Amino acid sequence: MECEVCNLPAVVSTNNGTLCGEHFKERFESITLETIKKYKLIKRGETVAVANSGGKDSLSLLYIISKYFRKSNKIISITIDEGIKGYRDKTMEIMKEYCKRYGVDYKIYSYKDFTGKTMDDITGVRKGIPCSACGVLRRYLINYAASEVKADKVATAHNMDDEAENVVMNLVQNDLEKMIRLGAYSGIVKDGGFVPRIKPFLFLSEKETMLFSILNGINAIHTPCPYAGFGFRGLISRKIKQFETEFKGSKRNIIESMLKIKESTDTKKGIKINRCIHCGFPSINEVCEACKLRMELQN
Amino acid sequence: MEVKLKNVNFGEKAVSLSSGSVKELIEKLDLNDDSVILIGKNGRIYTKDEKVDEKDEINVIEVFSGG
């Protein structure tokens, strides 16, 4: 297979093109920048917090954001330490190395500080799929961290696979309300306690993101979280990759369909945001999910 | 033909291929094109419509969520 631009041997053939290494890197960066421009994700002068685990996706995001926005914006890296021994401790060392290399300050927030327990502890005392508790705490702490560093936006490295999985999961669970909160600019309710989340990699696949990190010599650990792949999301993820292989463009089409539904829906209808009586951050209920979980773990 | 493979999960193993195609190799690993990156020992990155070099040793990198 040859690169569609220069006829050199291709390294990848996806919905975004059949390309050699150099042209793939160029295309990857230009799609990221087009997404930022189209959805007005970053404005000049804003403080952008990059949610950075030290893994392949977030290091690639930090690389591009610092390359193109360091002169016009304040960039800060925030890391959530779940407390997964043998995994997060290693990626955090890599995160520190890359922040130093790109000249970006970083801050670390941990589950242990918030709940008194690490993720390894939580899996020992709590039944069910670890990812559900982890997701609640991570989302909460990313917003908390972004608020604390006074960020205008928090950039996450969620990619096309993550988003397509979210759309399908919400459809299967008949949760349209949650589905229409997805998109490049996440969150539909403006509230002082929410730092808007942006997803510059929305139209790039997991495979492309991984390849971009490899081709740029980003020395990330290429092993997944030891708790990943369980349950519903793991199943949906495998099926979506199978769809994409058989029908190129499936993931993009899933996301485009969601965006059309989102555009035609009154997204603010019926949603009332309260403040959590414990932490003061925005919550649909009187007590936010993260505080509920913290109290459960502390009892 | 037989091709040598490396992977963080299964370590090292050899797989025999009748057609020698990347597509056959991916199917034998029970993966699909969207879930794997195959890198030869000289850094060559294979795409699914190619043939595998007979003497190559391929690093099988599975695409995973997160990070």
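Below is a table of values for the structure above.
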quantity: Residue in the range A:25-32 that is open to solvent by 10 Å² or more (accessible area, probe 1.4 Å), closer than 30 Å to A:GLU244 by Cα and of a type in the set (A, V, I, L, M, F, W, C) present; calculated: yes
quantity: Residues located in the range A:53-65, provided they are open to solvent by less than 10 Å² (accessible area, probe 1.4 Å) and within 14 Å of A:VAL154 (Cα to Cα); calculated: A:SER58, A:LEU61, A:LEU62, A:ILE65
quantity: In the range B:27-51, residue farthest from A:ASN159 (Cα to Cα) [restricted to those that are open to solvent by 10 Å² or more (accessible area, probe 1.4 Å) and of a type in the set (A, V, I, L, M, F, W, C)]; calculated: B:LEU29
quantity: Selection count, the range A:159-174, where residues are away from chain B (no Cβ under 11 Å) and within 11 Å of the chain's Cα centre (by Cα); calculated: 1
quantity: Residues satisfying the stated conditions in the range A:18-32, i.e. more than 10 Å from chain B (Cβ to nearest Cβ) and touching a residue at least 40 places away in the same chain (Cβ under 8 Å); calculated: A:LYS25, A:PHE28, A:ILE31, A:THR32
quantity: Qualifying residue in the range A:57-70 (condition: within 23 Å of A:GLU244 (Cα to Cα), among the hydroxyl-bearing types (Ser, Thr, Tyr) and without any contact (Cβ under 8 Å) to a residue 40 or more places away in the chain); calculated: no
quantity: Odd one out for A:PHE201 among (1) more than 14 Å from chain B (Cβ to nearest Cβ); (2) within 30 Å of A:HIS23 (Cβ to Cβ); (3) of a type in the set (Phe, Trp, Tyr); calculated: (1)
quantity: In the range A:88-103, the residues that are surrounded by 21 or more Cβ atoms within 10 Å (Cβ to Cβ) and either assigned to a strand (DSSP E or B) or out of contact with any Phe, Trp or Tyr (no Cβ under 6 Å at 6 or more places or on another chain) (or both); calculated: A:ARG88, A:THR91, A:MET95, A:TYR98
quantity: Only listed residue being hydrophobic (A, V, I, L, M, F, W, C) and touching a Lys or Arg at 6+ places or on another chain (Cβ under 9 Å), chosen from A:LEU62, A:LEU19; calculated: A:LEU19
quantity: Output for the range A:122-131, where each listed residue is open to solvent by 60 Å² or more (accessible area, probe 1.4 Å), of a type outside the set (Val, Ile, Thr) and in contact (Cβ under 8 Å) with a residue 60 or more places away in the chain; calculated: A:ARG126, A:CYS131
quantity: Residue list for the range A:135-192, filter: open to solvent by less than 20 Å² (accessible area, probe 1.4 Å) and either of a type in the set (Lys, Arg) or free of Cβ contacts under 8 Å to residues at least 24 places away in the same chain (or both); calculated: A:GLY135, A:LYS153, A:ASN170
quantity: Given (1) in a strand (DSSP E or B); (2) over 19 Å from A:THR223 (Cα atoms); (3) within 14 Å of chain A (Cβ to nearest Cβ), number of the condition B:VAL15 does not satisfy; calculated: (3)
quantity: Residue check for A:TYR111: modelled with pLDDT of 95 or more, open to solvent by less than 70 Å² (accessible area, probe 1.4 Å) and over 20 Å from A:ALA220 (Cβ atoms); calculated: yes
quantity: Residue count, the range B:27-67 (criterion: touching a helix residue (DSSP H, G or I) at 6+ places or on another chain (Cβ under 8 Å), in contact (Cβ under 8 Å) with a residue 24 or more places away in the chain and within 10 Å of another protein chain (Cβ to nearest Cβ)); calculated: 12
quantity: Qualifying residue in the range B:1-13 (condition: surrounded by 18 or more Cβ atoms within 10 Å (Cβ to Cβ) and touching an Asp or Glu at 6+ places or on another chain (Cβ under 8 Å)); calculated: yes
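The rows are residues; the columns are (1) within 14 Å of chain B (Cβ to nearest Cβ); (2) closer than 21 Å to A:ASN219 by Cα.
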| position | (1), (2) |
| --- | --- |
| A:GLU2 | yes, no |
| A:ASN16 | yes, no |
| A:GLU34 | no, no |
| A:ALA51 | yes, yes |
| A:LEU62 | yes, yes |
| A:ILE76 | no, yes |
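The values are calculated or read from the model by the stated rules, or taken from the named source; none is laboratory data. This structure is a prediction, so every number in the text was calculated from the model and none was measured. Because the Cβ atoms are built from the backbone with ideal geometry, glycine has one as well, and the counts that use them run over all protein chains shown. These accessible areas exclude ligands, DNA and RNA; they are computed on the full protein's heavy atoms, side chains included. Shrake-Rupley method; radii C 1.70, N 1.55, O 1.52, S 1.80 Å.
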